[in-house]
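The values are calculated or read from the model by the stated rules, or taken from the named source; none is laboratory data. The structure displayed is predicted, hence computed values, not measured ones. Quick reminder, even Gly has a Cβ in these numbers, built from the backbone with ideal geometry, and neighbours come from all protein chains shown.
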Amino acid sequence: MIHKEKVWPDILGEIQRRVRHQQFETWFRNVKLQACSPETLTLVVPNTFCHEWLKRRYLDTIRGAALAVMGSTPEVELVVEETGDPVAASPAQQAPAPPPRPASVARAHYPADWAARLNRGYRFASFVVGASNALAHAAALAISDNPGQAYNPLFLHGGVGLGKTHLIQAITHRLLEARGELSVLYIPCESFMNHFIASVQNGEREKFREVYRGLDALLIDDIHFLSRGAREATQEEFFHTFNALYNAGKQIVLSSDCAPRELTKLEERLVSRFKWGLVARVDAPSYEMRVAILRKKAEMRGRRFPDAALQFIAENIDTNIRDLEGAVTKVIAFAALANKLITLSLVKQALRDIVERVAAAVTMEDVIRAVTAEYRVKLSELQSKRRSQSVALPRQVAMYLARRLTRYSLEEIGGYFGGRDHTTVMHACDKIGGLVKREPSLAATIEHLTARIRSHP
Ligand code: ADP
Ligand code: MG
């Protein structure tokens with residue numbers, strides 16, 4: 001069980017830093033914690049008015065504060081206190097408070113409780129191989145056959161929806177099936193972090209260590225969370241787990257949304273270890289590969305798309321594989337509803353909004369035009385080395401919007417704004433992203449800039 005006496009004051013402290021004094025006094029001073037687990041925070045609020053207000057305005061603030069303290073973003077449940085106060089009385093208030101959900105932490109001693117359920121479809125057999133993922137795929141196969149010996153660690157990285165989770169789970173399936181005697185654990189990084197935090201709070205650190213160090217293969221998905229959400233102690237523990245497994249010749253596989261060197265908030269000694277084995281990047285698929293993937297996905301759903309339909313989708317969707325899958329699902333649903341065969345013209349109809357969005361792709365000029373007009377700065381100032389607030393803020397806003405609305409990479413965006421490097425862009429995105437949550441006026445500015453940019457004035 002997470003000790004709520006310890007957690008709640010810390011979360012309140014975080015909230016206090018994020019909202020104005022008066023807001024804190026009005027909305028948070030009398031809120032109490034009823035129960036908490038990494039998945040759910042149940043808060044007791046004094047009346048329905050407060051309930052509504054927190055629900056509408058502050059859920060993100062509460063979750064953000066919880067993330068800072070607990071290392072996870074729980075769902076927030078608000079329960080109205082039964083005071084009998086006639087002013088605040090309402091049906092919602094008279095309803096009995098729902099019982100707190102069981103805190104999953106209490107019984108979670110073994111990784112089995114923390115290990116994610118594997119997706120049964122994420123296997124080598126259903127993985128389409130092409131130039132963009134050939135190295136990652138070959139390495140994944142090699143370590144499935146020779147864990148601990150071929151490449152250790154294997155570090156897979158690449159953008160969202162490009163198959164990292166699929167591959168890392170395919171390795172897990174194969175190890176579990178072919179080598180039943182091995183103890184293999186696949187775990188998302190967030191769960192690993194939560195498990196560690198819970199074990200500290202329950203005084204079960206030793207047990208935690210025993211469990212992880214007794215593994216033959218540890219596969220952690222989305223390790224970048226360790227650099228963004230983890231406290232030092234968690235990083236430290238991971239470091240020791242890594243060393244123990246590595247030294248014992250056990251297999252470690254990690255996936256991340258960026259290269260090791262871009263994990264800027266992670267200790268250097270960890271980052272350098274990630275590079276000891278093989279670092280393999282998965283890239284966005286080429287046109288031919290997109291066609292192959294679409295064909296396979298349609299086949300797996302028992303459908304045949306005409307070639308022209310596959311080509312049309314592949315031409316119009318070049319973001320990632322998850323989006324390709326989404327398009328296939330959409331087309332199949334559309335055909336079923338319209339009770340029609342899958343043809344090129346049906347596909348065009350079904351994917352009309354996606355195709356329009358692509359046609360309206362935002363350029364860097366669109367972003368610059370809107371930001372310079374909004375803040376009355378010149379492009380040359382955004383590209384200059386000046387750091388005064390009057391230039392720095394618009395520059396960061398422009399980077400943030402460019403990242404969100406265009407397809408440029410961090411490097412390309414940095415290059416555009418006076419040859420700054422990708423970490424500067426990443427920092428700008430994090431910063432503005434954080435500010436937007438705290439400052440309604442900035443949030444409003446970003447919203448109208450976004451609308452304006454999307455409409456290409
Ligand atoms: P990531 O973890 O990199 O964000 P996922 O592994 O979740 O991406 O992949 C997103 C979706 O695309 C999944 O449903 C996955 O099965 C599918 N997918 C990704 N790569 C391939 C591939 N090479 N062949 C077939 N399906 C793929
Ligand atoms: Mg993933």
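What the table shows:
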quantity	calculated
Residue count, segment 437-452 (criterion: at pLDDT 90 or above, β-branched (Val, Ile, Thr) and in contact with a Leu (Cβ under 8 Å, 6 or more places away or on another chain))	1
Odd one out for GLN311 among (1) loosely packed, with under 13 Cβ neighbours inside 10 Å; (2) under 25 Å from SER126 (Cα atoms); (3) among the polar types (S, T, N, Q)	(1)
Segment 373-418, residues that are more than 20 Å from LYS431 (Cβ to Cβ) and over 28 Å from the mean Cα position of the chain (by Cα)	ALA373, ARG376, LYS378, LEU379, SER380
Residue match in segment 233-253 (condition: crowded, with 16+ Cβ neighbours inside 10 Å, farther than 24 Å from GLY148 by Cβ and not β-branched (Val, Ile, Thr))	no
Test: residue in segment 210-221 that is away from ligand 1 (no atom under 16 Å from the Cβ), within 18 Å of GLY71 (Cβ to Cβ), hydroxyl-bearing (Ser, Thr, Tyr) and in contact (Cβ under 8 Å) with a residue 40 or more places away in the chain	yes
Some residue of segment 438-445 being crowded, with 17+ Cβ neighbours inside 10 Å and not basic (Lys, Arg)	no
Checking THR445 against (1) touching a helix residue (DSSP H, G or I) at 6+ places or on another chain (Cβ under 8 Å); (2) of a type in the set (S, T, N, Q); (3) over 21 Å from LEU379 (Cβ atoms), the condition it does not meet	(3)
Selected residue (only one of GLY163, GLY148, GLY159 is over 29 Å from ILE317 (Cβ atoms) and not aromatic (Phe, Trp, Tyr))	GLY148
Candidates HIS173, HIS137, filtered to the one that is within 24 Å of GLU262 (Cα to Cα) and without any contact (Cβ under 8 Å) to a residue 60 or more places away in the chain	HIS137
Helices (runs of 4 or more DSSP H) enclosed by segment 176-266 - at least 2 residues per element that are under 17 Å from LEU156 (Cα atoms), at pLDDT 90 or above and among the hydrophobic types (A, V, I, L, M, F, W, C)	224-228
Evaluation of TYR287 against (1) more than 16 Å from ligand 1 (Cβ to nearest atom); (2) touching a residue at least 12 places away in the same chain (Cβ under 8 Å); (3) surrounded by fewer than 17 Cβ atoms within 10 Å (Cβ to Cβ) (one fails), failing number	(1)
Residue count for segment 20-77, restricted to those that are farther than 30 Å from LEU226 by Cβ and hydroxyl-bearing (Ser, Thr, Tyr)	2
Filter result for the condition that a residue is at pLDDT below 95 and within 16 Å of ligand 2 (Cβ to nearest atom), over ARG123, ARG117	ARG117
Of all residues making up segment 216-256, the number that are closer than 23 Å to VAL184 by Cα and either touching a strand residue (DSSP E or B) at 6+ places or on another chain (Cβ under 9 Å) or of a type in the set (Gly, Ala, Ser) (or both)	26
Scope segment 133-175; condition crowded, with 21+ Cβ neighbours inside 10 Å, within 16 Å of ligand 2 (Cβ to nearest atom) and not in a helix (DSSP H, G or I); matching residues	ASN133, LEU154, PHE155, LEU156, HIS157, GLY158, LEU162, GLY163
Any chance ALA327 is under 26 Å from PHE127 (Cα atoms) and either β-branched (Val, Ile, Thr) or over 25 Å from the mean Cα position of the chain (by Cα) (or both)	no
Every residue from segment 418-456 that is closer than 13 Å to LEU393 by Cα and in a loop (DSSP other than H, G, I, E, B)	none
Those residues of segment 330-343 which are surrounded by fewer than 16 Cβ atoms within 10 Å (Cβ to Cβ) and touching a residue at least 24 places away in the same chain (Cβ under 8 Å), in sequence order	THR343
